[in-house]
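Here, each number is a calculation from the coordinates, and none is a lab measurement. As the structure is a prediction and not an experimental result, all values here were calculated from the model. Because the Cβ atoms are built from the backbone with ideal geometry, glycine has one as well, and the counts that use them run over all protein chains shown.
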Amino acid sequence: MSESGDQTKREEEEPDTPDFEAESDDSSDEGEASGDSEMDFLRNLFSRTLGLSPEEKVLDDLSLEGVARYIQSGKCKNIICMVGAGISTSAGIPDFRSPGTGLYANLQKYNLPYPEAIFQIDYFKKHPEPFFALARELYPGQFKPTVCHYFIRMLKDKGLLRRCYSQNIDTLERVAGLEGEDLIEAHGTFHTSHCVSLFCRKEYTMDWMKEKIFSEDIPKCDACNNLVKPDIVFFGENLPARFFTTMKKDFPHCDLLIIMGTSLQVQPFASLVSRVPNSCPRLLINMEKTGQSEFGMGLLGFGGGMDFDSDKAYRDVAHLSTCDDGCLAFAELLGWKGELEELVKREHALIDSKDSKKKDEKTKQSSETPEKTKVAEPEAGKSEKTE
């Protein structure tokens, strides 16, 4: 990737986990980022509308084939992926908004005032039980990464992935082989947990939280007895500071933005699509077109302003399919399909082997009941000698 040594060194020194302590810096970064996004959007909008600066057309065709040829040309060296819940549905994890099957459509059993309440920080502090019950169902470690996850891993292995920005909290990107420096978990992670008290903020490990969740205990801080919550971002909380600092370095250098499995309805994540250079192609692999903003909404900085269909479209491509099917089709055009299928097969077999080994160890431990040592009773008329 085309970065200076100093910049690469600075990135390597960044923490892999979200900085939940720097709330004041986070808020200022978020405000600054929002302002930058609005100005970028307006600048791009008026320059295109008024014809003040003709855009460079990088793709020879607005299709998946055109994007594949662009990658094969060697001119595309910095790819950023933006992904949402749709890349994990084939693993058995529901997305949020699909009618009937989405997470929000199936929360009646938790007796919530409204579906989103399960991820509202104020509601959680008063009623933590629904969230931890849901966490038992969706907890990381119970699912395998999908074809889409491994396609992103291949981009990394081939030196093309600058970063993956994920809305997901299932950690499947990490299971597939992405490491901390490859990944921005915009909506947080189960990898660490913290006490919710701003005066404590004691950190707990993933293993500690997992034990609490599956024992059906409400996790409480042993220092102050307040609730402990996984470091996933609830409504009413700031995004990790690293999201804002890293996007400022990444997006100006992006050669191709690949958006997969997201409705682009949640801000500020959705606004990232407007932060790439004007000439940067943007590929959407999704079940439906998204990110297209109305003129009025665009002026307010909402929506990505993607243009797939107008006569002024010059860089946006929509491939409508499941994320797995889209990645397989894309990989075939790139000549990577066989390699991708072999990677998925090998990694899934490795996960199955590890799971089988863990189950065997648990079975062995439960069957090996230690024999009780029989204590000899003293003979009649004799007392036990105490040494």
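Values computed for the structure shown
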read-out	value
Burial order of peptide ranges 161-170, 332-341, 314-323 (average beta-carbon count within 10 Å, highest first)	161-170, 314-323, 332-341
Exposure proxy order (Cβ contacts within 10 Å, fewest to most) of Val266, Val67, Val228, Val196	Val266, Val196, Val228, Val67
Calculated FRET value between Tyr114 and Cys224, using beta carbons and R₀ = 45 Å, to 0.05	0.90
Separation of alpha-carbon centers, region 237-280 and region 164-225, rounded to whole Å	23 Å
Unsatisfied cross-links (Cα-Cα over 26 Å) in the set Lys144/Lys249; Lys125/Lys210; Lys109/Lys229; Lys144/Lys357; Lys57/Lys337; Lys57/Lys289	Lys144/Lys249; Lys57/Lys337
